[in-house]
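One structure is given here, and the rest of the page talks about it.
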Amino acid sequence: MALKDATLYNLPAPTQGMASLMILGIHDRLRIESGVLWQNRGISFSLAPDHPRSLTPDHPRSLAPGRKPFHTLNPALARFRDGRTMVYGTMGGEGQPQTQAAVFSRYALHGMPLQQAIAAPRWLLGRTWGDNSTNLKLESRVHPPLVDELQKAGHDVEVLPETFTDTMGHAGAIVHHPDGLIESAHDPRSDGGAASL
């Protein structure tokens, strides 16, 4: 069975106040014969001497004892002074840390409701989904005067036609409050869901 590039994250938070974030990244197309699904982040290393990720000892991603492959998966957990705990994550290539920073700062610093913080317009500086372009990609909902200012400042800006585009990845978050309330939010860019029971 051929499996498309995929990243899955799961955010369970039982009522006891514990939370966990599990992320599985496939990274590249993979052939599954055995029925066992393995992560393949080792693809970041290469045995070909002329490959950009070659085994030359002086290359930062060369294969050597103790080396770990480059990847963007970075599940996050934040503890707030008021006792809230936020577990959040995303998928989306090089945009993952950018999306996590946006979701966190919108919620924690600007007081946006959790669902709104995830659904708000996004940007991506860099590559995603096998794309080789590294320009600044913006969702079409980004305020047009801001787009103009970014272009005037010399940025290579690409406004994507979709209002909610898969290119920006899919985010999710859970916030556990000290009084037992559990907030959850999912990304309208994906087919996922969130339920606080």
Charge dipole of region 110-170 about the Cα centre (unit charges at C-beta), most positive-ward option of GLY169, ASN132, GLY154: GLY169
What is the dipole size for region 73-186, taken about its Cα centre, with +1 at each Lys and Arg Cβ and -1 at each Asp and Glu Cβ, in debye to the nearest 20? 320
Just the Cα atoms of region 73-186, one point each, no solvent: what log10 I(q)/I(0) does Debye give at q = 0.15, 0.17 Å⁻¹? -0.67, -0.83
In terms of the charge dipole of region 73-197, which places +1 on Lys and Arg and -1 on Asp and Glu at the beta carbon, the residue among ALA78, THR90, ALA194 farthest towards the positive end is ALA78
Between ALA108 and ASN132, what FRET efficiency comes out of the Förster formula 1/(1 + (r/R0)^6) with R0 = 25 Å and r the beta carbon distance, rounded to 0.05? 0.15
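Laboratory data are not the source of any read-out in this text; all were calculated from the coordinates shown. Bear in mind that the values here come from a model prediction, so they are computed numbers and not experimental data. We place every Cβ from the backbone using ideal geometry, glycine too, and count neighbours over all the protein chains shown.
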